[in-house]
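First the structure, in the form of structure tokens, and then the observations on it.
The values are calculated or read from the model by the stated rules, or taken from the named source; none is laboratory data. Model, not experiment: these values are computed from the prediction. A quick note on method: Cβ atoms are made from the backbone with ideal geometry, for glycine too, and the neighbour counts reach across all protein chains shown.
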Amino acid sequence: MILPLLLAATPAAATPAAPAPPAPILRRQTVAPLPGQLDGVLVVNDNNPELISGPGILLSTFPTAGRPQPDAHLDVALNGRFDLFSHHVYAGKPDSLDSTLWLAVVAEPRGSQPVSLQLLGGSTALSQATDKQQPEAPFLPLPALMPQDGHVYSGPGSRVATELLARQRNKLLPDRWTLEPGRVSTLIVLPLPVKGLDPLLNGRNLQLRLQSSGPLSLATLAAYGSGDQPPAAESWAQLLNGGLSPKEHQPTPRGASGRMVYSRVSGVQIGSVWSGTITDPGKPYLAASSAPISWPIASLERGSLGTGQVQTAELKAFYPGTAWAAHGNYGVEYNLSIPLRNTSSKPVQLELAFESPLKSDTAQGGLRFNPQPGKSVMFRGSVETTGLDNSSGQAGGRRSFHLVQRVGQEGPALGTVSLAPGASRDLRVRLIYPADATPPQVLSLVPVKQSPDQPASSH
């Protein structure tokens, strides 16, 4: 008994300290606010709880009047253009290995006339499908950059955003509905199964772009069926008289100091598309000499990368105990134009990149990156470009890429732009910010030949 104690006390037996990770590098450059703004389209943002632990109302914009539990409803009328973003995971029942949770979207007119509801675009996917009819997108370990042929994705958020960006519509989703007044209509019923999965966990992402002919209320609901059969059709309307499915992740109050808990959204946000034209101040173009320069994508509270810009969509209404803003801008489309001009007397060649620098809120004279990308994945999704060099060095057409980016990852480049003196090039970049991403990212224009990176400052 004595020998192990002596060995434990001997310095030679001590576990050697792990080497410190390499210090981040600072790429000195301009970091500017992203021009443009969000539109005013309402988005029903249904992401709290992410992990559903019980049946009930996930989110309801129905009126509070006449409901047994009025606090379960946000009382927001939806009319004309609006969207739905819904993202949840399910870990099964403690007493069962083969349960299925069913998710439904229901709606009802807010008046005495029928309402026509049209699907302009939509997609849904499971993390793992147990039925061949259901689209799936497992979290595959894909390379950092791949050409997007419409079938490259890692995770349901990646797949849904990719299909929406390509204007594909999932065949499981009807293209229109007629809602009768005074009656709750079930628009979609989708399974979230865990049977046969190891670990016992599955997720579903659903995004819809909708147009209504009149005001309506909409709700997302969760319920168990019988075995692998969905709940009875009439039970969904009855569920609206019950309470909320338990929420999770209490947020840090707005303006509070200390550690920031962003939480997840359960509410109605204002803004579906961020549109902007990136130019020099007061000019109709961006001079190529502005590079290296980056603009935040999905910048947020305490994550503005020194620009002071918070792109987060505000919420028109939300449940207490959930996020008070759409911090990640999940499901938001970024539609950006860059009229680029070479105002110098020499040819220039720039790289366009989408990157995941280390998060910061203060100006640092540039962006910080890890010498080797960290383990945590920060972005899984597609980015579409128009105007990058083709094989002849001329302006090419539309191209799409799928990226898997880890914390502090610099690049890789999506392509190059070659400009003769006085030449111009119109670039366009589109993406839909996917679920399972962690903001912020940046869109960057950097010279192909750069000076060596400088050591990052200690702050």
Review point. Scanning for something among the hydroxyl-bearing types (Ser, Thr, Tyr), assigned to a loop (DSSP other than H, G, I, E, B) and under 30 Å from Thr64 (Cα atoms), does segment 301-320 turn up at least one residue?
Key: yes
Exercise for review: Tell me which residues, restricted to segment 193-234, are outside any loop (DSSP other than H, G, I, E, B), modelled with pLDDT of 95 or more and of a type in the set (Gly, Ala, Ser).
Suggested key: Gly203, Ser212, Ser217, Ala219, Ala222, Ala223
Check your understanding: Are any of the residues in segment 260-267 crowded, with 22+ Cβ neighbours inside 10 Å, basic (Lys, Arg), assigned to a loop (DSSP other than H, G, I, E, B) and at pLDDT 95 or above?
Key -> yes
Check your understanding: Tally time: how many residues in segment 179-192 are part of a strand (DSSP E or B) and either charged (D, E, K, R) or closer than 13 Å to Arg110 by Cα (or both)?
Key -> 2
Exercise for review: Report those strands (runs of 3 or more DSSP E) wholly inside segment 391-452 carrying at least 1 residues which are buried (at least 16 other Cβ atoms within 10 Å of the Cβ) and of a type in the set (Phe, Trp, Tyr).
Suggested key: 398-406
Practice item. Filter segment 115-136 down to residues that are closer than 14 Å to Pro193 by Cα and not polar (S, T, N, Q) and give me whichever is surrounded by the most Cβ atoms within 10 Å (Cβ to Cβ). Key: Ala125
Review point. Within segment 164-178, can one find any residue that is on the phi < 0 side of the Ramachandran plot, part of a helix (DSSP H, G or I) and touching a His at 6+ places or on another chain (Cβ under 8 Å)?
Key: no
Check your understanding: Got at least one residue in segment 173-183 being in contact with a Lys or Arg (Cβ under 8 Å, 6 or more places away or on another chain), in contact (Cβ under 8 Å) with a residue 60 or more places away in the chain and not assigned by TED's automatic domain parsing to the domain that holds Arg398?
Key -> no
Check your understanding: Quick one: would you say Leu38 is out of contact with any helix residue (DSSP H, G or I) (no Cβ under 8 Å at 6 or more places or on another chain), among the aliphatic types (A, V, I, L, M) and crowded, with 17+ Cβ neighbours inside 10 Å?
Key -> yes
Check your understanding: Do you know which residues across segment 132-175 are closer than 16 Å to Asn205 by Cα and among the charged types (D, E, K, R)?
Key -> Glu136, Arg159, Glu163, Arg169, Lys171
Review point. Restricting to segment 325-343, what's the tally of residues that are in a loop (DSSP other than H, G, I, E, B), over 14 Å from the mean Cα position of the chain (by Cα) and buried (at least 21 other Cβ atoms within 10 Å of the Cβ)?
Key: 1
Review point. For the subset of segment 81-113 comprising residues that are loosely packed, with under 15 Cβ neighbours inside 10 Å and within 17 Å of Pro181 (Cα to Cα), which member is nearest to the chain's Cα centre (by Cα)?
Key: Gly111
Check your understanding: Taking segment 344-363 on its own, how many of its residues are part of a loop (DSSP other than H, G, I, E, B), over 22 Å from the mean Cα position of the chain (by Cα) and among the hydrophobic types (A, V, I, L, M, F, W, C)?
Key -> 1
